[in-house]
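Okay, structure first, notes after.
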């Protein structure tokens, strides 16, 4: 079986539908010279991976050596869904060992939940477009949408706002206008997976090898949208509740799906926590209206709190700027400042730990020699 007519099974050209291109082939050259094969991670499942290779889907795990090196070297990339990886075969034909990860072009990264073993969590890699999805019913929350947009802009991919369940909110002009204020330069699509409204415009953003990621709260219809774009049932969905129109959470893990008509979609579970990581660029894009006003402040380092001559506070006072939007920007600024301070603290602790290991290893090497020289 092949992904494209006329492409030989086992040929790397089978991976073109999955996003493989000349750029990836060039960066893979050293791995190819070492006899490794390329693959793209489709699902991550408790330390193991389902990987799409030229030969089909295989299971893979990270080598013990790689895991050890990644634990001490912060420059090493640990695999995530959407990554292109270099694989080594094993006696088991359906299993591979991950020996390397190709550089990411884009990455959706959030601060990991409090019970996670690492401070950061990669939701998806090598994404072209991020669909930031919220529904046109009781779930619509502009402050939460700003947070998702900041995450999307910070990934390096192009954000697109998707307002779902248009069939449940026939009078949605005011809601769309409110979203337009916070969307910045991100296009807005109003869709209904039930009636098909707006789906053709979204399909136009797909194409061979292009990857879309869908992020949003539980119940906004992400999996239903995947099925609608595919024209068939690929993901499990739940019925909307009658009292508030919210769907039931169904997606439990990130899954990269190849659509029958071409293009790939990364469906993600709804997130209860959405902490930001290094999102300065994302903040600039999401709150470009506030930043534009800030250029007119009397002081270049104005915090838009009590400083005289603050153009941002003046805009709030005369109704040009929603005070909730300013408060949201200031909250995210404080959150990222805390994150940066925490990262510096962890980095210093890791440096101290690494030097202790080096000193201990040095002591073990020199102890026998001193014992021999000084009986």
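The values are calculated or read from the model by the stated rules, or taken from the named source; none is laboratory data. Being a predicted model, the structure only gives us computed values, none of them experimental. No Cβ is skipped: glycine too gets one built from the backbone with ideal geometry, and neighbour counts run over all protein chains shown.
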> Given the structure, is residue 70 without any contact (Cβ under 8 Å) to a residue 24 or more places away in the chain and either out of contact with any strand residue (DSSP E or B) (no Cβ under 9 Å at 6 or more places or on another chain) or within 20 Å of residue 125 (Cβ to Cβ) (or both)?
Replying inline: yes
> Looking at residue 30, is it surrounded by 20 or more Cβ atoms within 10 Å (Cβ to Cβ) and not assigned by TED's automatic domain parsing to the domain that holds residue 152?
Replying inline: no
> Between a first residue in segment 290-310 that is on the phi > 0 side of the Ramachandran plot and a second residue that is outside any loop (DSSP other than H, G, I, E, B), which pairs have beta carbons less than 6 Å apart while being 6 or more apart in sequence or on different chains?
Replying inline: 304/312; 304/313
>> For the list (1) at pLDDT 55 or above; (2) closer than 21 Å to residue 190 by Cα, I need the number of the one condition that residue 234 fails.
In response: (2)
> Mind checking which residues of segment 219-233 are within 24 Å of residue 138 (Cα to Cα) and in a loop (DSSP other than H, G, I, E, B)?
Replying inline: 219, 220, 221
>> Looking only at segment 46-64, count every residue that is modelled with pLDDT under 90 and either surrounded by 15 or more Cβ atoms within 10 Å (Cβ to Cβ) or in contact with a strand residue (DSSP E or B) (Cβ under 9 Å, 6 or more places away or on another chain) (or both) and tell me the total.
In response: 3
> On the given criteria, is residue 321 surrounded by 12 or more Cβ atoms within 10 Å (Cβ to Cβ), outside the structural domain of residue 45 (by TED's automatic domain parsing) and either assigned to a helix (DSSP H, G or I) or modelled with pLDDT of 60 or more (or both)?
Replying inline: yes
>> Restricting to segment 303-318, name every residue that is surrounded by fewer than 19 Cβ atoms within 10 Å (Cβ to Cβ) and either part of a loop (DSSP other than H, G, I, E, B) or in contact with a strand residue (DSSP E or B) (Cβ under 9 Å, 6 or more places away or on another chain) (or both).
In response: 303, 305, 306, 307, 308, 309, 318
> Is it the case that some residue within segment 348-366 is under 22 Å from residue 217 (Cα atoms), modelled with pLDDT of 60 or more and outside any loop (DSSP other than H, G, I, E, B)?
Replying inline: no
> For segment 134-175, what are the residues that are touching a helix residue (DSSP H, G or I) at 6+ places or on another chain (Cβ under 9 Å), assigned to a loop (DSSP other than H, G, I, E, B) and at negative phi?
Replying inline: 136, 137, 140, 155, 169, 172
